[in-house]
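Asker: Below you'll find the structure I mean.
The values are calculated or read from the model by the stated rules, or taken from the named source; none is laboratory data. The structure displayed is predicted, hence computed values, not measured ones. As a convention, Cβ positions derive from the backbone with ideal geometry for all residues, glycine included, and neighbour counts pool all protein chains shown. Side chains are part of the model used for accessible areas, which takes the heavy atoms of the whole protein and leaves out ligands, DNA and RNA. Shrake-Rupley method; radii C 1.70, N 1.55, O 1.52, S 1.80 Å.
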Amino acid sequence: MEEFRPHFPFIVHNILAREFDIEAGVPCNCGREGHFKTTRCRDCFTTSLTCDMCFRTQHLQNPLHWADKWNGRYFERKGMC
């Protein structure tokens with residue numbers, strides 16, 4: 001276990017990153033009024049947050065990808081929003 005101790009901060013950061021994102025709840029980059037970053041895809045290479053509408057638009061060709069939706073406390077795994 002001692003050999004992993006130097007890596008603990010990195011490991012903890014990555015574990016927590018799966019459950020929280022500092023961008024959760026901020027306005028989406030699309031600029032639509034009332035659209036906030038709440039949804040991300042773990043099946044894609046990028047996990048940046050978008051609003052539900054942007055997620056659906058980006059995943060029209062990937063209908064089998066699952067959405068992780070911010071519920072105000074943590075990300076819940078959902079089907080296409």
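Asker: So how many residues does region 33-61 have that are touching a strand residue (DSSP E or B) at 6+ places or on another chain (Cβ under 7 Å), open to solvent by less than 90 Å² (accessible area, probe 1.4 Å) and outside any loop (DSSP other than H, G, I, E, B)?
Answerer: The qualifying residues number 6.
Asker: Among the residues of region 67-81, count how many are surrounded by 14 or more Cβ atoms within 10 Å (Cβ to Cβ) and either within 10 Å of the chain's Cα centre (by Cα) or at pLDDT 90 or above (or both).
Answerer: 5
Asker: Across region 71-80, what is the total count of residues that are under 15 Å from A24 (Cβ atoms), in contact with a Lys or Arg (Cβ under 8 Å, 6 or more places away or on another chain) and not basic (K, R)?
Answerer: Matching residues across region 71-80 total 2.
Asker: Quick check on this structure: which one of E23, E33 is within 13 Å of the chain's Cα centre (by Cα) and of a type in the set (D, E, K, R)?
Answerer: Just one listed residue meets the conditions, E23.
Asker: Quick check on region 62-71: of everything there that is of a type outside the set (A, V, I, L, M) and part of a strand (DSSP E or B), which residue is nearest to D21 (Cα to Cα)?
Answerer: W70
Asker: Looking at region 11-32, which of its residues are charged (D, E, K, R), modelled with pLDDT under 90 and open to solvent by less than 90 Å² (accessible area, probe 1.4 Å)?
Answerer: Within region 11-32, E19, D21 meet the criteria.
Asker: Here is a further query. Give me the pairs: first residue in region 55-66 and in contact (Cβ under 8 Å) with a residue 12 or more places away in the chain, second residue in a helix (DSSP H, G or I) and open to solvent by 90 Å² or more (accessible area, probe 1.4 Å), beta-carbon distance under 9 Å, and six or more apart or on different chains, which are they?
Answerer: Correct list of pairs: empty, since none qualify.
Asker: If I ask for residues that are without any contact (Cβ under 8 Å) to a residue 40 or more places away in the chain, among the charged types (D, E, K, R) and under 18 Å from E76 (Cβ atoms), which ones from region 1-54 would you list?
Answerer: E23, K37, R40, R42, D43, D52
Asker: Look at W70 and say whether it is of a type in the set (A, V, I, L, M, F, W, C) and in contact with a Leu (Cβ under 8 Å, 6 or more places away or on another chain).
Answerer: The answer is yes for W70.
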